[in-house]
Amino acid sequence: MSPYAMSMLMSSLAMGTIITLSSSHWFLAWMGLEINTLAIIPLMTKMHHPRATESATKYFLTQATASALLLFSAAMNAWMTGEWTIVNMNSYIPTTILTIALAIKLGIAPFHPWLPDVLQGLDMMTCLILSTWQKLAPMALLILTSHQLNTNLLTLMALASAIIGGWGALNQTQMRKIMAYSSIAHLGWMTLVISFAPGLALLNLTIYLMMTSSMFVMLMALNATNMNKLSISWLKTPTLAASMMTGLLSLGGLPPLSGFLPKWLILQEMTKHHLGALSAVMALSALLSLFFYLRLSYMISMTSPPNISNANLAWRKKNNLSLINPILIVLSTMLMPITPMLLM
C-alpha cells in the first residue's frame, strides 16, 4: 500500500476515535464510529487474498448492523426525551438496543462469532489495530452510559463472554483465533464491573490494551501465526520467547503479573456488592482461559521440537525490536506494585 494512502487511513482511524471520545451528541459519536469502520476496511483488504476479503465483508456487515442499531436507539431516545445528548438515556427500550449495538461492535458474547473469523483472515498489524484501537470508541460510549444501562443484561453478557472466551480457545491452534477469544474473555470482565465501578473497567481496558499490544508485537517479531511456529521460537530468539511466556501468563491473570491486578480488584468489588456466586463463576471461567495460556507457555518454554539440522548451534534470528516493545513487555507484566496506590 502507498505510504500516502496508509497515512490517510491511519489519520482517519485516529480522527474517528477522537471524534467519538470528545462528543456529547449521539449523531457526532455515530459519525466517529462510521469513520473508524470505513478507515479500517482498506487496511483489511491490503493483502489481496480471498480470506482477507471475506474478513472485511464480515466486519463491514456486523459493524453496519451495530451502527444502524445505535442510530436507531439514539433516534428513539430523542423522540421520547427530546434530547440527543449521550448522558441522557433514560428509557428502557433505547438503552437495551444501545447495549446490544455496542456489544456487537465490541464482540461481546453472544454477539461474538464474527471476531475470531475476522481476525483469522487478517495480517498481524491489522489484528493489533482491531483488537486494541477499535475497542476504544465503543468502550468509551459504554462507560459514558453505564449508569443508565440494564445491569442484569450486562451481567449476563459478561458471564457468557468470560465462559465462551475461555471455552472457545481450548481447541484452537491458530494464534489469531486464540487472541480473539482472549479479547472476548477480557471484555467479559470489563462488562461485568462497568455498572458498579466504571473506573475499574477503564483500568482493566488499559491493562488489556498493553498486554494485547505487547503480545501482537512479539508474535510479529517471531512471525508466529500458529502453535507449531511458536514452539520453535526459543531456538531463534530465547529472550523474546521468555518474555512471551510471561506475557501469556499475565494475560491469563496469574499473580504476581499485571493481568492479575484487574481481576483481583473486580472480584473484590463484586464481593462488596454481595455477588459472591457470580464472582465464583467468573473466577472459575478465568481458569479456562488460564489453561490455554499455560498450554502455550508450555509449548514455548518446555517442549523441544525435532532437530533435523546437523549444525551444533541453532540459527538465531536478528532481533529488530524497537524501543516500544520492551516498554510494553515491562508494563504488561510488572504493574502489581502500584496496587496499593490504586486501592487508596
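The values are calculated or read from the model by the stated rules, or taken from the named source; none is laboratory data. Predicted, not measured: the structure shown is a model, and the values here were computed from it. With ideal geometry, Cβ positions are generated from the backbone for all residues, glycine too; neighbour counts draw on all protein chains shown. The area values use the complete protein model at the heavy-atom level, side chains included, leaving out ligands, DNA and RNA. Shrake-Rupley method; radii C 1.70, N 1.55, O 1.52, S 1.80 Å.
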Inset, instruction - Could you figure out which of (1) modelled with pLDDT of 95 or more; (2) crowded, with 23+ Cβ neighbours inside 10 Å isn't true of I97? - result: (2)
Inset, instruction - Give region 159-178 a look and list any residue that's within 22 Å of L261 (Cα to Cα), surrounded by fewer than 24 Cβ atoms within 10 Å (Cβ to Cβ) and in contact (Cβ under 8 Å) with a residue 60 or more places away in the chain, or say none. - result: L159, I163
Inset, instruction - Would you mind telling me which numbered condition in (1) at pLDDT below 95; (2) within 18 Å of W264 (Cβ to Cβ); (3) in a helix (DSSP H, G or I) A158 fails? - result: (1)
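Which is aliphatic (A, V, I, L, M), open to solvent by 20 Å² or more (accessible area, probe 1.4 Å) and touching a residue at least 40 places away in the same chain (Cβ under 8 Å), of I207, I232?
Working: I207 fails: open to solvent by 20 Å² or more (accessible area, probe 1.4 Å).
Result: I232 is the single residue among I207, I232 that is aliphatic (A, V, I, L, M), open to solvent by 20 Å² or more (accessible area, probe 1.4 Å) and touching a residue at least 40 places away in the same chain (Cβ under 8 Å).
Restricting the search to region 135-153, which residues are out of contact with any Pro (no Cβ under 7 Å at 6 or more places or on another chain) and open to solvent by 20 Å² or more (accessible area, probe 1.4 Å)?
Taking region 135-153 as the starting set, the residues that turn out to be out of contact with any Pro (no Cβ under 7 Å at 6 or more places or on another chain) are 135-142, 144-145, 147-153.
Within region 135-153, L136, A140, L144, H147, Q148, N150, T151, N152, L153 meet the criteria.
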Inset, instruction - Kindly indicate the residue of region 31-69 that is among the hydrophobic types (A, V, I, L, M, F, W, C) and over 21 Å from the mean Cα position of the chain (by Cα) and also surrounded by the most Cβ atoms within 10 Å (Cβ to Cβ) among those meeting that condition. - result: L69
Inset, instruction - Kindly provide the set of residues from region 179-198 that are without any contact (Cβ under 8 Å) to a residue 60 or more places away in the chain and over 20 Å from S332 (Cβ atoms), ordered by number. - result: I194, S195, P198
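Taking the conditions exactly as written (more than 22 Å from L136 (Cβ to Cβ) and either surrounded by fewer than 17 Cβ atoms within 10 Å (Cβ to Cβ) or of a type in the set (V, I, T) (or both)), does N88 satisfy them or not? Before the answer, list the steps.
Details: more than 22 Å from L136 (Cβ to Cβ): yes; either surrounded by fewer than 17 Cβ atoms within 10 Å (Cβ to Cβ) or of a type in the set (V, I, T) (or both): yes.
Yes.
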Legend entry - Single match in S23, S12, S73 (criterion: surrounded by 18 or more Cβ atoms within 10 Å (Cβ to Cβ), touching a residue at least 24 places away in the same chain (Cβ under 8 Å), assigned to a helix (DSSP H, G or I) and not charged (D, E, K, R)): S73
